[in-house]
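Asker: Pasting a structure here, questions to come.
FYI, it's all coordinate maths here, none of it is from the lab. This structure is a prediction, so every number in the text was calculated from the model and none was measured.
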């Protein structure tokens with residue numbers, strides 16, 4: 001591993017951690033594109049690496065801060081976490097069964113659709 005790769009990985013990790021703590025994002029939106037564009041990983045490898053980061057409880061500290069601030073619904077999180085395991089299993093099987101080009105296109109459309117929704121169709125909250 002070269003020093004440039006290490007520096008890139010450190011920058012990706014810091015950016016993903018920062019955005020994860022700020023916005024609840026990091027893996028799909030930050031790490032996957034960065035691994036593909038800056039380190040030349042395949043889409044499949046970038047997604048797998050992003051998921052590998054999540055195996056270690058990297059978000060635990062940020063989640064604890066939200067919990068202390070009264071902004072974490074433990075019941076919702078527990079239900080989502082349990083079903084996330086099932087969805088993650090089947091999603092990875094589907095992903096590995098399609099071509100990298102199709103996977104990148106689906107990923108890009110998903111990110112674009114979410115961005116359009118957040119920018120143009122999100123109602124302001126009362127809080």
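Asker: Determine the calculated [θ] at 222 nm for the chain from helices alone, applying -39500 (n - 2.57) to every DSSP H run no shorter than 4 residues and normalising by the residue count; nearest 500 deg cm²/dmol.
Answerer: Calculated from helices alone, the mean residue ellipticity at 222 nm is -25000 deg cm²/dmol.
Asker: Shifting gears a bit: To the nearest 10 degrees, how steeply does helix 74-96 sit against the main Cα axis of the chain, on a 0 to 90 scale?
Answerer: Here the helix axis deviates by roughly 20 degrees.
Asker: Among [x] 1.44; [y] 1.53; [z] 1.16, find the value of Cα Rg over 2.2 N^0.38 Å that was calculated from the structure presented, and write down its label.
Answerer: Among [x] 1.44; [y] 1.53; [z] 1.16, the one derived from this structure is [z].
Asker: How many angstrom lie between the Cα centre of segment 1-30 and the Cα centre of segment 85-127?
Answerer: Cα centroid to Cα centroid, the span is 19 Å.
Asker: On C-alpha positions alone, give me the angle between the axis of helix 3-23 and the longest principal axis of the chain, in degrees, nearest 10.
Answerer: Once rounded, the angle reads 20 degrees.
Asker: Expressed as an acute angle from 0 to 90° and rounded to the nearest 10, what is the orientation of the C-alpha long axis of helix 100-120 relative to the principal long axis of the chain?
Answerer: Orientation of helix 100-120: about 30 degrees from the principal axis.
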